[in-house]
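A short write-up of the structure that comes next.
The values are calculated or read from the model by the stated rules, or taken from the named source; none is laboratory data. These numbers were taken from a predicted model, which means no experiment stands behind them. We place every Cβ from the backbone using ideal geometry, glycine too, and count neighbours over all the protein chains shown.
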Amino acid sequence: MLEPAVLGATFIAVLLAEIGDKTQIMTLALAARNRTILPVFVGSVLGEVSANSIGVVIGTFLGIAIPLDIVSLIAGAVFIIFGILNIVKKEEEEEKVPQAKTKSMLLSAFYLIFLAEMGDKTQILTLGLSAQYQNPITVLIGLSLAFMTISSVGALLGERASKILPMKWIKIASGVLFIIFGILFIVGINLL
């Protein structure tokens, strides 16, 4: 059953995790370099959703095997760690976007983003959300909507995004929100 609270929690958490993440930067760079939006958008979303579907499956099984109190503590700790990392991580001077050896921009975007998402913080976050909420369909829909949102921003803005948005402050704000959500998970308050 589709639960609006779980949908909202997943959407917000994944959206925050992806702001300024390497996959968003790769989507920005691919769209800017190739001057094309739709194939980059579609390939990026498919790559992100495919990679994170693995996290949903694993998280759902872990949630069944591990008591909810433990899952809440782990999820809270993961949120706090991601928040701290968002705040203290130094910006790389310039992200290099790998070149895919294919003529299809859609396949290139899919391949590059899928590989970048494997083991990424968003995949681990998705695993935690799936274990916490035990509602894989709603988590999958929430993460899909978040990826569509963040990928459309990346593909549409291309190289201009870093000139329009002060990424440093966005990362700090998302880091603080992660820490707050982590504390709320640990103390047992799920406002999302």
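Residues that are within 18 Å of LEU127 (Cα to Cα) and part of a loop (DSSP other than H, G, I, E, B) within segment 30-70 comprise ILE66, PRO67, listed in sequence order.
Would you mind stating whether SER50 is of a type in the set (S, T, N, Q), surrounded by fewer than 15 Cβ atoms within 10 Å (Cβ to Cβ), closer than 27 Å to PHE110 by Cβ and touching a residue at least 40 places away in the same chain (Cβ under 8 Å)? Against the criterion (of a type in the set (S, T, N, Q), surrounded by fewer than 15 Cβ atoms within 10 Å (Cβ to Cβ), closer than 27 Å to PHE110 by Cβ and touching a residue at least 40 places away in the same chain (Cβ under 8 Å)), SER50 qualifies. The residue that is surrounded by the fewest Cβ atoms within 10 Å (Cβ to Cβ), counting only those in segment 142-186 that are modelled with pLDDT under 85 and of a type in the set (S, T, N, Q), is SER162. Looking across segment 20-37, the residues that are among the charged types (D, E, K, R) and more than 17 Å from the chain's Cα centre (by Cα) come down to ARG33, ARG35.
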